[in-house]
1. Tell me which residues, restricted to the range B:268-282, are crowded, with 20+ Cβ neighbours inside 10 Å and not in a loop (DSSP other than H, G, I, E, B).
2. With the structure loaded, tell me whether B:V730 is within 21 Å of B:S660 (Cβ to Cβ), in a helix (DSSP H, G or I) and more than 10 Å from chain A (Cβ to nearest Cβ) or whether it fails that test.
3. For A:G51, only one of the following conditions fails: (1) more than 29 Å from B:R891 (Cβ to Cβ); (2) facing chain B (nearest Cβ under 10 Å). What is its number?
4. Can you name every residue in the range B:691-708 that is in contact with a Leu (Cβ under 9 Å, 6 or more places away or on another chain), farther than 23 Å from B:A746 by Cβ and more than 14 Å from chain A (Cβ to nearest Cβ)?
5. Collect the residues in the range B:888-901 that are in contact (Cβ under 8 Å) with a residue 24 or more places away in the chain, within 14 Å of chain A (Cβ to nearest Cβ) and not polar (S, T, N, Q), keeping them in residue-number order.
6. Given the residues B:T546, B:T577, which is the only one that is touching a residue at least 40 places away in the same chain (Cβ under 8 Å), in a loop (DSSP other than H, G, I, E, B) and not assigned by TED's automatic domain parsing to the domain that holds B:E202?
Amino acid sequence: MLLIDCPFCGTRPELEFHCGGEAHIRRPERPGDLDDEEWAAFLFYRSNTKGLQAELWHHSHGCQRWFNALRNTVTDDIEVTYRMGQARPDPAEVTTQPGSVDGTAGDVVWVMADAGGERP
Amino acid sequence: MTQPNRLPGRGRIDRSKPIVMRFNGREVPAYEGDTVASALLANGIVHVGRSFKYHRPRGIVAAGSEEPNALLDIDRGSGRREPNNRATVVEALDGLVARSQNHWPSLAYDLGAINDLVSPLLSAGFYYKTFMWPAVGWKRVYEPFIRRAAGLGNAPVEPDPDEYIHQHGHADVLVAGAGPAGLAAALAASEDDTCRVIIADEQAEFGGSLLHDLTSTIDGKSAAAWVAEAVARLGTRDNVRMLPRTTVAAYFNHNHIALAERLTDHLASPPASLARERLWQVRAGRVIVASGAHERPLVFTNNDRPGIMLAESIRLYINRYGIAPGRNIVIATTGASAYQAAVDAKAAGLFVTIVDYRRRDDIGSERQRATQAGIEILDNHTIVDTDGRTALSSVTVAPMTASGGVGDAREIACDALGMSGGWTPVVHLVSQSRAKLTFDERIDAFLPDRAFQCESSAGACRGTYVLGDCLREGHETGGGSAGEAATVEGTCGTSFAAVRILPTNGGRARDKAFVDFQNDVTAKDIRLAVQEGFQSIEHVKRYTTTGMATDQGKTSNMNALGLVANALELTPPDVGTTTFRPPYTPTTFGAFAGAARGDLFDPARKTPMHDWAADKGAVFEDVSQWKRAWYFPESRETMHDAVQRECRAVRQSVGIFDGSTLGKIEVAGPDAATFLNRIYTNSWLKLAPGRCRYGLMLKEDGYIMDDGVVARLADDRFHVTTTTGGAPRVLAHMENYLQTEFSDLAVSLTSITEQWAVIAVQGPKARDVVAPLIDDIDMSNEAFGHMAVREGHIAGVPCRLFRVSFTGEAGYEINVPADYGLSVWEAVFAEGRHHDITPYGTETMHVLRAEKGFIIVGQETDGTVTPDDVGLGGLVSKVKEDFVGKRSLQRPDVVDGRRRQLVGLLTLEPDVVLDEGAQLVANKSEDAPVSMLGHVTSSYMSPNVRRDDGAEPGRSIALGLVDDGRARQKSRLFATTKDGFAEVEVVPPVFFDAEGARANV
């Protein structure tokens, strides 16, 4: 079972989470403008990376927040987790040790990732 | 009774505590500290079972968890019976009952032994080659016969009376194995008292090989004294948790380790409060694997007779248990370590002969030790055969000639044979951790190479066999500084020649040289598999079943691998190893299940009205984790009768239904309407507060995901309902879009499923029942019509009152805070008594909605159904530029494809109720493969739908998805039934009140 560092709650076992597949696949602003091939590429095609892959994770049995994780699909090491709206970190700059059990929690704040505003 | 083979003055058993266990009805006296195996051997019982395939007599081979042969049925009384226990790991207890397995009528006379005589028919893969003819033979004759013959032991039939628990453990260092390397590692690691150390060992006592080592000294102390001191020192440290009788069973991701601890099996009368086993889940900062090594058997003709054991195990039984496994022992070896067994046996007063396959020049200093002890050594000799039916009586040995042939054979009388073909490091755990293995030719073994997770190995499991080196390695791996190593006087050494099979002079067809004792796989089987073209070790394993028994080939894998390599003329690393999988040794189902049994298997979610329904005699069904009232039988009613009665009552008067399980999400915020507009297919911007709308939700692929009524309570507040099972999925879906794609919207989502109890009151008299309980809402049809929502009070309790209908009747869904659910339900029911109110369950709800053709997501839909497929195309907004799934509704296969569409199905025989899931075909006599046109999604007997002649109500109705279904109106199809086909007519999917007038009164 993986250990996953929720950016809002800290390190928790995998069974609190649900994986939502590859991250950074932006939904087109105007899906109606896409032809079938472009829509199919968005809907069905995934990179299936061997190595570091950005994934969406949902803390479904926890804070209900979705966040991103860089997971090495070969080793299952999760190099870093980061909040929605943040750019994919450069793994070279990531200092988190894989599989570390430090239990530090991220700051629990109500930030609208893109808009930057407070939640109602 | 005596213990004829007990040696005086030796062993770690407690001679002041005699016990008596039973084996096959016979009393077996023993001492505390014995295992079942040592107790049997002490009493001269060497024949303890029959083999799996050939039913050959078998004895005890090993002394530890690697035992392949001595599998016994262990009965602890009171329903505590378990087959296939290794006699070598079960601790002997007063009153314990052990029985041998796999024979009929008795252990001594087993009719199954006929298999041994016909063994040429039972070679590798025989079941793929025989039983081919006649074609019906397989099902009628062979399969039933094989099923009866297959399997080891008899599964217990009574429920397990014991409790099992799970516990999380936290360790900076977890040490797997408490032999010399493990103890040294734990001692070093726990020097720092902030370092939490767990050390676990599968045996009852810590110490591993040191417990039977009477030769070595460590810093001038005996091995046993060193162990006692080490254990005592660990015991004084608060940062150390010592777990004996605990198998480090599995190594998962991110240093997640599972340990199986046996808590009560060694107690004659365990306290009732104690769980039998505890499964530990440990997240270890670092794992030190010190799991030791297994001795390899030698492969030679008839190497499986009772009395033939591993040489080191003979040494162990002599030194640790004070037992003579035989009085006249032959040690057959290709290496040095067995010489120590011979020396120790000799010291115990037993007669010993060594048969060494190696040439004199290849034998090291161990030769001198044995000679000094007065032991005869036959070097350059092979074992040609053995004799003795249920106990070994002699071995036949022969010298190897200069040309590599086998010379003149001679018999040596003996009652025990210790074999040693070298050592195999136990790399199971590191292999489970996904570390790479590398082959070390020097010691003919696979060793841990590059670590994959934070772990390291120490001692024999990484090929370090010399005691001093084990201690030093353990010490350093545990974090101790170099140079503090102990001074060690050791044993005979461990070098060996890797010999895959001992040459023999004969070759009778029935001769067998066993590689895998537990699955009865012989060297011949393996050669045959290679001959037949199996080259990959994984294929050879599956074809011959070598290494696939419950011991996972602990003693056999390297011999099998070596034979395959020889046959293919490859080296072992070229052949590779099979994959090691958890658990390391068989682990009870109880340990895995823990407390999750019976009522605790899965959480049961109950509504506030659950007990009321139970009191009324309701039968419940499971819907996801919810317990839902299924139907309410009166007196001796059948389910069918109850459902028909409930269905009639709702249409004729009024029914009451518990809808609390419905998923509920409150969507609030200034952008709530915009958000719903993007999530649902239909439009929400113009829905006025106080109004409800049925909403349809798609996944991005355009297929229906969920549905439900949504009420607008205020401009910025919606009460969303979902299907019972879909609630968590829908919330996650909404949160996903809100947090990732639509994060510009100010909206909050709150699950309110558990906060609101829902009481559905449905039927022509619904208003008459509900209105008298409410004084702050205008209940008239004009003021509060169908699909409206009001907030007010019912029986004094705040409520959200929905005028909605899933039955087609006029009706209300009364939402009240869950704590008031039961009291409001009782108030409604009391009022309803004036109108003959009838409680109804989910089955009636299903029938009533099917009469109206309302879909159930997950029943009419299966993740490949679009709104138009189920006739709900009208709910898809043509105006909205975008919503989740909209673009996919323009996919070519959705627009142009011949889609399966929802239709109604009426059987020509009105009493025939179709099976849900039944296939629909146009032509029932078509040759296979028959063209499937669709399937039945819902099917019920309805008491309300009239027969075609209009005479009397009551006929079967069904919904189905059919290719191009709407174009097939009035056509005839055939639905498959248990006996053949039923003819059906395709009709519109609404059977009752097609114009929908009844909901609006």
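The values are calculated or read from the model by the stated rules, or taken from the named source; none is laboratory data. Please read these numbers as outputs of a predicted model, since none were measured by experiment. FYI the Cβ positions are ideal-geometry reconstructions off the backbone, even for glycines, and counts take in every protein chain you see.
1. B:E277, B:R278, B:L279, B:W280, B:V282
2. Values: within 21 Å of B:S660 (Cβ to Cβ): yes; in a helix (DSSP H, G or I): yes; more than 10 Å from chain A (Cβ to nearest Cβ): yes.
It is true that B:V730 is within 21 Å of B:S660 (Cβ to Cβ), in a helix (DSSP H, G or I) and more than 10 Å from chain A (Cβ to nearest Cβ).
3. If we test A:G51 against (1) more than 29 Å from B:R891 (Cβ to Cβ); (2) facing chain B (nearest Cβ under 10 Å), just (2) comes out false.
4. Passing the criteria: B:Y694, B:L696, B:I704, B:M705, B:D706, B:D707, B:G708.
5. Just the residues of the range B:888-901 that are in contact (Cβ under 8 Å) with a residue 24 or more places away in the chain, to begin with: B:888-889, B:891, B:894, B:898-901.
Narrowing further to those that are within 14 Å of chain A (Cβ to nearest Cβ): B:888-889, B:891, B:894.
Matches in the range B:888-901: B:L889, B:R891, B:V894.
6. On the way: B:T546 fails: touching a residue at least 40 places away in the same chain (Cβ under 8 Å).
Just a single option satisfies the conditions, and that option is B:T577.
So that you can scan it fast, the table gives a plain yes or no per residue for (1) assigned by TED's automatic domain parsing to the domain that holds B:A560; (2) touching a strand residue (DSSP E or B) at 6+ places or on another chain (Cβ under 7 Å); (3) in a helix (DSSP H, G or I); (4) not aliphatic (A, V, I, L, M):
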{"residue": "B:F446", "(1), (2), (3), (4)": "no, yes, no, yes"}
{"residue": "B:R450", "(1), (2), (3), (4)": "no, no, no, yes"}
{"residue": "B:S456", "(1), (2), (3), (4)": "no, yes, no, yes"}
{"residue": "B:A460", "(1), (2), (3), (4)": "no, yes, yes, no"}
{"residue": "B:G468", "(1), (2), (3), (4)": "no, yes, yes, yes"}
{"residue": "B:E473", "(1), (2), (3), (4)": "no, no, yes, yes"}
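For every residue, the table says whether it meets (1) in a strand (DSSP E or B); (2) farther than 30 Å from B:H640 by Cβ; (3) at pLDDT 95 or above.
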position: B:E813; (1), (2), (3): yes, no, yes
position: B:V824; (1), (2), (3): no, yes, yes
position: B:H846; (1), (2), (3): no, no, yes
position: B:E851; (1), (2), (3): no, no, yes
position: B:T866; (1), (2), (3): no, yes, yes
position: B:D869; (1), (2), (3): no, yes, yes
position: B:D893; (1), (2), (3): no, yes, no
